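No value in this document is a laboratory result; all are computed from the given coordinates. If you're wondering where the values come from, they're calculated on a predicted model, not measured in any experiment.
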Amino acid sequence: MKIIKISSFLFLVSILLTSCGSSGPTSKDDHKKLKSYESYAFLPNKDTIISRDFDNDAIQEVIVSTIKANMKENGFIMDKRNPDVLVHYHPMFDKKVAVNANPVYTNYAYYRPGLYVGPYYQEAMYDNYFTIQRLNGPRVEQVPYRERSIVIDLIDRRSNEILWRGTSNETIGTKRIDREIREYIDEIFKDQF
């Protein structure tokens, strides 16, 4: 009698635990959904690296070129006019201060064309970037600030939903920073994409 009660109890607990599984999207779902997209362009960011220890333009250029190489490797083509996916990244190289303590955000203040955009975006920027003002979806989540790291978002242009957010728990080394950035981004795409 005692054995039946215990096994009944265990059976009910296992049913409850099974039903409590995550209902959110999985990385398998993300990968499958991303395979249905073909083209991309960049959303410019306003994340200027302030620290004098780093060359903002050089770092941003390496980031853009490395993401472009990874997007191409994953079968995406550049389309500045009508992309399926928008790429937005957050370079976090400054010490955590009030100005940039919350660098991964969902509000885009692109209210007008003509906002200064770095030269590293010229060949890859979405022509109507200023129309994207808010993001949504299950991938909108804050990422803890980690100095010398990068967060990459892939966004559905039509729905403004974040499809994929990639980052790493590692920090980028400073000895050969160009190479370190490339390896860091390659690892994000390799591990999470």
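Please list 3J(HN,Hα) in residue order for the stretch 121-130, calculated via the Karplus relation 6.51 cos²θ - 1.76 cosθ + 1.60 where θ = phi - 60°; whole Hz, with x for glycine and proline.
9, 3, 8, 9, 8, 4, 4, 9, 3, 5
Each residue of the stretch 173-185 in order: what ³J(HN,Hα) in whole Hz does its phi give by Karplus 6.51 cos²θ - 1.76 cosθ + 1.60, θ = phi - 60°, with x for Gly and Pro?
x, 10, 5, 10, 4, 4, 5, 4, 5, 4, 5, 4, 5
Out of residues 5 or more away from residue 136 or on other chains, whose amide H comes under 5 Å of its own, with H placed 1.01 Å from N in the peptide plane?
Answer set, sorted by chain and number: 161, 162.
Which of the residue pairs 46/80; 72/95; 80/175; 33/175; 35/95 have a Cα-Cα distance greater than 29 Å in the structure shown?
Those over the limit are 72/95; 80/175; 33/175; 35/95.
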